[in-house]
């Protein structure tokens, strides 16, 4: 089956620094990628949708200047948390969608971000 | 806006028994997809089962089956012969169509007792 690789699995950073999370589709072209955020024992909340070569579409309440999303190729999307603060500590998950009539959605393994 | 409701925060089942997880959703669309995802402690999202709204037949995947009631906007998951490895958080999800986002319910923690 298709694989989505997400790195890093976990990251600890100091408050005020920026962190980049990568999401790669390894064996298919992902025309659309989705970025979710999950707090402990809660549901996945969509942050933004990115289409290759276009600007990301952010959900209401998500700061686009803080959570920078780039989807420059059909196999790579990145989420950069800029000037991270402790309240940004969370589990971030990406998912990638195939472009086909039998469209499927695949998830990365997630990134645990801890901001000190 | 579409919403997905899971009214059971936690459920318990005895090993080898059957359990049903509930899910309701709200949409004005006629064509859409419904999913159940499993999230074990590793937090990797695993697709359990998928249902296309235009199909009347309920989807089944081995020990997992759904009861899809389109008019009632209900989509429950039945797990038969529960195993210890079934213990996880289960999310019901809705998707309007190709290329669209998944909308998740709040999740149900399933505990399996040996």
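For chain A, what is the relative contact order in percent, using Cα pairs closer than 8 Å and at least 6 residues apart in sequence?
Over chain A, the number comes to 37 percent.
Report the extension gain between residue B:16 and residue B:72 in nm, rounded to one decimal, defined as 0.36 nm multiplied by the number of residues separating them, less their alpha carbon distance.
Values: separation 56, 0.36 × 56 = 20.16 nm, distance 2.96 nm.
Taking 0.36 nm per residue and subtracting the Cα distance, the gain is 17.2 nm.
What is the projected area of the convex hull of the Cα atoms of the protein assembly as shown, averaged over all directions, in nm²?
Projected over every direction and averaged, the Cα hull of the protein assembly as shown covers 12.7 nm².
Expressed as a rounded percentage, what relative contact order does chain B have, with Cα pairs under 8 Å and six or more residues apart?
Here the relative contact order equals 37 percent.
To make sure I understand, if each residue's beta carbon is the centre and we count other beta carbons within 10 Å, what order do A:105, A:26 fall in, fewest to most?
In increasing order of surrounding Cβ atoms, one gets A:26, A:105.
In square nanometres and to one decimal, what's the mean projected area of the convex hull around the Cα atoms of the range B:4-114? Can you show the working numbers first?
Details: hull surface 26.4 nm².
For the Cα atoms of the range B:4-114, the hull's average projected area reads 6.6 nm².
How far apart, in nm, are the 7 Å Cα→Cβ label points at residue B:113 and residue A:5?
4.5 nm
What distance in nm separates the simple spin-label points at residue B:3 and residue A:18, each placed 7 Å from Cα in the Cβ direction?
3.8 nm
Quick check for you: which residues of the range A:14-49 have the amide N under 17 Å from the point 7 Å beyond the Cα of residue A:83 toward its beta carbon?
Hits in the range A:14-49 for residue A:83 at 17 Å: A:14-20.
For the pair residue A:41/residue B:30, report the inter-label distance in nm, with labels modelled 7 Å from Cα in the Cβ direction.
So the label points at residue A:41 and residue B:30 sit 4.3 nm apart.
How many times 2.2 N^0.38 Å is the alpha carbon radius of gyration of the range B:1-47?
Values: Rg = 13.6 Å, N = 47, 2.2 N^0.38 = 9.5 Å.
So the range B:1-47 has a normalised radius of gyration of 1.44.
Which order results if B:3, B:24 are arranged by neighbouring Cβ count within 10 Å, fewest first?
Final ranking by Cβ density, sparse to dense: B:3, B:24.
Run a plain Debye calculation on chain A (Cα atoms as equal point scatterers, no solvent) and give log10 I(q)/I(0) at q = 0.16, 0.21, 0.22 Å⁻¹, rounded to two decimals, same order as the q list.
With no solvent term, the Cα-only Debye profile gives -0.68, -1.15, -1.25.
Pairs of alpha-carbon atoms within less than 8 angstrom and 6+ residues apart define the contacts here; what relative contact order does the range A:56-115 have, in percent?
This gives 26 percent for the range A:56-115.
GNM on chain A, C-alpha springs below 10 Å: top fluctuator among A:97, A:18, A:77?
Its mean-square fluctuation being the largest, the pick is A:18.
Pairwise over distinct Cα atoms, reciprocal of the mean inverse distance: report the Kirkwood radius of the range B:42-101 in Å, one decimal place.
Result for the range B:42-101, one decimal place: 13.1 Å.
All of the numbers you see were taken from the coordinates with simple rules; none came from a lab. The structure displayed is predicted, hence computed values, not measured ones. Because the Cβ atoms are built from the backbone with ideal geometry, glycine has one as well, and the counts that use them run over all protein chains shown.
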